[in-house]
Amino acid sequence: MAFGDQPAYLRVADDLRKKITAGELPPHARLPSQARIREEYGVSDTVALEARKVLMAEGLVEGRSGSGTYVRAQPVPRRVVRGGFHTAGETTPFRQEQADDRITGAWEAESEQEEAGGEIAGRLGVGVGERVMRTRYVFRSQGEVVMLSTSWEPLELTGRTPVMLPEEGPLAGRGVVDRMAALDLVVDNMAEEVGARPGRAEEVLALGGVPGHWVMVISRTYFAGGRPVETADVVVLAERYRIGYRLPVK
């Protein structure tokens, strides 16, 4: 078998990847053993092992303890629709993160005070070490965890007020727009950035992925008159979702 100038393990991984994509190695099929790869491609055990590691890192195959390595069934990507900031009347935290009206869901939330680290302090325009309220959300649709979210709000704004806890009090679950309005702060702008990174172990586990999966992170900040009033990170598995935006034309 003739190969190009790539390292041997990448050439083997590329050929196996093509077989998976073409259906020659269908979902749940066992990947050729290390000995079989060594024999078929004329490579060493080390090369065969590294090629399998590449496919595992790409999420194409998975190891099963005591059984071998198998081709993973690839999910059909679904859309997470973003729709800008929401005006008064929005009552569902799930809807605030997923603007597709056809999708319904539930959520769990937990709030705790902490000191702002460098990144969060910068995003909120407060000093490092200042107290913030951190709220962690788990969003589910049809029983499946679809996204995680962590938000931070400066306690210099919300502390000792009825809206200090996002999911408790008279405006529980109403979202940052309504809650800030109760403090005479008009949320008039929102900024989002979308990036990707390897998922942290606890994130991937919660989202139902496997170690090595990448996640997309939507970093969002709400502003009232130019002042940041909340910032958050929304996390979804990159292989399962595509981020779509539905924005008004002005």
Next on the checklist: Between the stretch 18-63 and the stretch 193-250, how far is it from one alpha carbon centroid to the other, in angstrom?
Outcome noted: 31
Checklist outcome for this item: Expected vector for the stretch 214-231, Karplus 3J(HN,Hα) from phi with 6.51, -1.76, 1.60 and θ = phi - 60°, integer Hz, x for Gly and Pro, equals 8, 10, 9, 10, 9, 9, 10, 9, 9, 10, 10, x, x, 9, x, 10, 7, 9
Checklist outcome for this item: Taking placed amide H atoms and a strict 5 Å upper bound, the residues 5 or more places from residue 229 or on another chain that come that close are 222, 223, 224
Next on the checklist: Run lengths n ≥ 4 of DSSP H only: what is the helix-derived mean residue ellipticity at 222 nm for the chain, with -39500 (n - 2.57) per run over all residues, to the nearest 500?
Outcome noted: -7000 deg cm²/dmol
Checklist outcome for this item: Restricting to Cα pairs under 8 Å and 6 or more apart, the percent relative contact order of the stretch 1-72 works out to 36
Next on the checklist: Over the stretch 101-250, what is the relative contact order in percent, taking alpha-carbon pairs closer than 8 angstrom and at least six residues apart?
Outcome noted: 20
Next on the checklist: Just to confirm, what accessible area per residue do you get for the chain at 1.4 Å probe, in whole Å²?
Outcome noted: 53
Checklist entry - Leaving out ligands, DNA and RNA, what percent of the accessible area of the stretch 94-250 is carbon and sulfur, probe 1.4 Å? => result 51
Item to check | For residue 130, distant residues with modelled amide H under 5 Å away | outcome: 116
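Can you tell me the relative contact order of the chain? Whole percent, Cα pairs under 8 Å, sequence separation 6 or more.
With pairs under 8 Å counted, the relative contact order is 17 percent.
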Checklist entry - Once phi is turned into θ = phi - 60°, what whole-Hz ³J(HN,Hα) does the Karplus curve with 6.51, -1.76 and 1.60 give for every residue of the stretch 42-54, x standing for Gly and Pro? => result x, 10, 7, 4, 4, 5, 4, 5, 5, 5, 5, 4, 4
Checklist entry - Relative to the first principal axis of the alpha-carbon coordinates of the chain, what is the inclination of helix 8-22, with its axis defined by its Cα atoms, in degrees from 0 to 90 and to the nearest 10? => result 80
Checklist outcome for this item: Listed residues 211, 162, 170; largest mean-square fluctuation, Gaussian network over the chain with Cα springs below 10 Å, found at 170
Checklist outcome for this item: Measuring from its Cα centre, the chain shows a charge dipole (+1 at each Lys and Arg Cβ, -1 at each Asp and Glu Cβ) which, in debye to the nearest 20, is 860
Checklist entry - For the stretch 107-166, rounded, prolate or oblate, judged on the Cα gyration tensor with a ≥ b ≥ c (square roots of eigenvalues), a/c < 1.5 rounded, else prolate if a/b > b/c? => result oblate
Checklist outcome for this item: Residues meeting the amide H criterion for residue 215 (H placed from the backbone, H to H distance under 5 Å, 5 or more places apart or on another chain) are 197, 199, 238
Checklist entry - Taking Rh as the Kirkwood radius computed over C-alpha pairs, what is the Stokes-Einstein D of the chain at 4 °C in a medium of viscosity 1.567 mPa s, expressed in µm² per second? => result 62
Checklist entry - So which residue, out of 161, 231, 46, gets the largest mean-square fluctuation from a GNM of the chain using Cα contacts under 10 Å as springs? => result 46
Checklist outcome for this item: Once phi for every residue in the stretch 185-202 is put through the Karplus expression 6.51 cos²θ - 1.76 cosθ + 1.60 (θ = phi - 60°), the whole-Hz ³J(HN,Hα) values, with Gly and Pro written as x, are 10, 9, 6, 10, 7, 9, 10, 10, 10, 10, x, 9, 7, x, x, 6, 3, 5
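The values are calculated or read from the model by the stated rules, or taken from the named source; none is laboratory data. Treat the numbers as computed from the prediction; the structure is a model and nothing was measured. No Cβ is skipped: glycine too gets one built from the backbone with ideal geometry, and neighbour counts run over all protein chains shown. Surface areas here come from the heavy atoms of the whole protein model, side chains and all, with no ligands, DNA or RNA. Shrake-Rupley method; radii C 1.70, N 1.55, O 1.52, S 1.80 Å.
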